[in-house]
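Have a look at the structure below before the remarks.
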Amino acid sequence: MIRLLDHTEYLQPAPLCIALLGCGNVGAEVARHLAGRDGIIITRVLVRDTGRSRPIAHALLTDSFDEVLASEPEVVIELLGGVEPARSHIEAALSRGISVITANKSIIARHGESLHRLAALHGARLLSEASVGAGTPILAALDRLRGDRITAIRGIVNGTCNFILTRMEATGGELHEALREAQRLGYAEPDPAADLTGRDSAEKLCVLAQRAGWGWIHPDAIATRGITTITAEDVRHARRQRCVIRLLAEAQRSDDGTVSLRVGPCFVPAAQRLARLSGCENAFEIESQLAGCIHVQGPGAGPRATTSAILGDLHSLTASPNGAAATPRSLRRARLTQPGALRRHYIRADAPAGPVDPGTLLDVLNRKGIRADSLDLRSTRTTIHTVAVSSDAAADLAESLAGGHADRCLVAPLME
Ligand SMILES: NC(=O)c1ccc[n+]([C@@H]2O[C@H](COP(=O)([O-])OP(=O)(O)OC[C@H]3O[C@@H](n4cnc5c(N)ncnc54)[C@H](OP(=O)(O)O)[C@@H]3O)[C@@H](O)[C@H]2O)c1
């Protein structure tokens, strides 16, 4: 718990004791900004390898979390990544009344509910502005709109996928080539699965929905498709339609309080603001009853941008140690519903077993009750623009045309 100052300390406040968990890309940048700052003492820095050189005094490094706790920090900044041991360490700190700042969206999405309850029980705070949008203050924007009624959130929340898709547009290359370039530039992890499958975006969408006041949602409950099946030909096809393909995270809250969420590729008209976002940036659109549509855009990754958000959390913690802002502890579980809106869809499916017979194709469309705005059948490849259908119906059609192989088709709604 952050202690209350007595009157002599107002004249010369005692330094704030902070422990860092992790000194990797982000942790090292945070350490650089905190070390030597007036009014701050770094008590310990937890790492796996204490032998490596870091931008922090070697004596502060430890691989023992018990030593971190024994150093009696008032604030813990968690920058380990992954779920364990980060979750257990956050839990141990909060249970001792130590406030925690984290950039870890997986933990906030999956365990935010219990951790916020624990924080409240022990008079601590859990802050996580950097967990979505890195340096783009999207969660702070949602906090500010809590007096209004937020009805929809959509955005490009994964900078790695946005880099890959804009690179495919620029070079005409395939996804694996753009991914290799992203990895060379340090924009993609050596294991990019969480980004490419949409899991990272689904976790961030959960955190956004929490902060919109819609309730707790587990990421596994979100209908999620990634970008792994997008081909250079899909990207060219989108361009011919004056669109670009973007991985969108979309959430809506209905008047009856139910929430629908979706992560997946979308055809976005080239003139739209979201289509113009390039490289690793993130962009968000929030719709609310009173304020209308608000756009927030900025750097979605990178140690410096992430450090900005962490230092912002630290500032709000010290400015208002007992403040309840950004602590959605009164939330219940959200009532979920399937994304119900009917939308036009682009479907591309590659049949695994030889050329498709046109008669059979029309038969499948009739049986599923789906009408095509346009239809292109070339050997084993079928490309369809449907009239407005549900995303489930579009996915079902695509997979049946691809012989049940979800990895041989692309289903993308058209953003109106
Ligand atoms: N990178 C970004 O642009 C960015 C943006 C927004 C949010 N974030 C979030 O920020 C967090 C940190 O990301 P990062 O890119 O800095 O990760 P990173 O470079 O992999 O650094 C992780 C650090 O944690 C330490 N660590 C990991 N597991 C440990 C364990 N079991 N015990 C002790 N130390 C352990 C590592 O120690 P060693 O150095 O000894 O290996 C390393 O110092 C993640 O939650 C990430 O999602 C990152």
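The values are calculated or read from the model by the stated rules, or taken from the named source; none is laboratory data. Here the structure is a predicted model, which means the values were calculated and not measured. Ideal geometry is used to build each Cβ from the backbone, glycine not excepted, and the neighbour counts take in all protein chains shown. For the accessible areas, the whole protein counts, side chains as well, though only heavy atoms, and no ligand, DNA or RNA atoms are used. Shrake-Rupley method; radii C 1.70, N 1.55, O 1.52, S 1.80 Å.
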Quiz item: With every protein chain present, what is the per residue accessible area of segment 345-413 (1.4 Å probe, Å²)?
Solution: 46
Quiz item: Per residue, what accessible area does segment 138-300 have, given a 1.4 Å probe and all protein chains present, in Å²?
Solution: 40
Practice problem: Rounding to the nearest 20 debye, state how big the charge dipole of segment 7-127 is about its Cα centre with +1 on each Lys and Arg Cβ and -1 on each Asp and Glu Cβ. | Solution: 300
Practice problem: Quick one: which residues, 5+ away or cross-chain, put their amide H under 5 Å from the amide H of L248? H built at 1.01 Å from N. | Solution: G264, C266
Practice problem: For segment 18-72, give the percent of accessible area contributed by carbon and sulfur heavy atoms, probe 1.4 Å, rounded to a whole number. | Solution: 44
Exercise. List every residue whose amide H lies under 5 Å from the amide H of R125, counting only residues 5 or more places away in sequence or on a different chain, with H placed 1.01 Å from N in the peptide plane.
Key: S99, V100
Quiz item: Can you list residues whose amide H is under 5 Å from T50's amide H, if they're 5+ apart or on another chain and H is modeled 1.01 Å from N?
Solution: none
Practice problem: Name the most mobile residue of P269, P352, P73, meaning the one with the largest mean-square fluctuation, in a Gaussian network model of the chain with Cα contacts below 10 Å. | Solution: P352
Quiz item: Using θ = phi - 60° and the Karplus form 6.51 cos²θ - 1.76 cosθ + 1.60, what ³J(HN,Hα) does each residue of segment 50-57 get, whole Hz, x for Gly and Pro?
Solution: 7, x, 6, 7, 9, x, 7, 4
Quiz item: How large is the helix-only mean residue ellipticity at 222 nm for the chain, computed as the sum of -39500 (n - 2.57) over DSSP H runs with n ≥ 4, divided by its residue count, in deg cm²/dmol to the nearest 500?
Solution: -10000 deg cm²/dmol
Quiz item: At q = 0.15, 0.25, 0.32 Å⁻¹, what log₁₀ I(q)/I(0) does a Debye calculation on the Cα points of segment 152-199 give, no solvent, two decimals?
Solution: -0.37, -0.90, -1.27
Quiz prompt | Computed Rg/Rh of segment 189-307, alpha carbon atoms with Kirkwood Rh | solution = 0.97
Quiz prompt | Phi-based couplings in Hz for segment 361-369 (Karplus 6.51, -1.76, 1.60; Gly and Pro marked x) | solution = 4, 5, 4, 4, 4, 4, 4, 8, x
Practice problem: Looking at the chain, send over the antiparallel percent of its DSSP beta bridges, to the nearest 5. | Solution: 65
Practice problem: Of the options H122, A283, G226, report the single residue whose Cα projects farthest towards the positive end of the charge dipole of the chain (beta-carbon charges: Lys, Arg +1; Asp, Glu -1). | Solution: A283
Quiz item: Using alpha carbon centroids, what distance separates segment 203-244 and segment 174-200, in Å?
Solution: 16
Quiz item: What's the center-to-center distance, using Cα atoms, between segment 34-52 and segment 342-404 in Å?
Solution: 57
Quiz item: Using the Cβ atoms and a cut-off under 15 Å, what net charge is assigned to the surroundings of L165, where Lys and Arg are +1 and Asp and Glu are -1?
Solution: -2
Quiz item: Using a Gaussian network model of the chain with C-alpha springs under 10 Å, which one of R381, R225, R167 is most mobile by mean-square fluctuation?
Solution: R381
Quiz prompt | Residue (of A19, A31, I98) at the positive-pole extreme of segment 7-127, dipole from beta-carbon charges | solution = A31
Quiz item: Residue by residue through segment 338-353, which ³J(HN,Hα) values in whole Hz follow from phi under the Karplus form 6.51 cos²θ - 1.76 cosθ + 1.60 (θ = phi - 60°), with glycine and proline marked x?
Solution: 5, x, x, 4, 8, 9, 5, 10, 9, 10, 10, 9, 10, 6, x, 10
Quiz prompt | Shape of segment 7-127, Cα gyration tensor, a/c cut at 1.5 | solution = oblate
Quiz prompt | For the chain, the fraction of alpha-carbon pairs in successive 10 Å shells from zero, as % | solution = 5, 21, 28, 23, 14, 7, 3, 1, 0
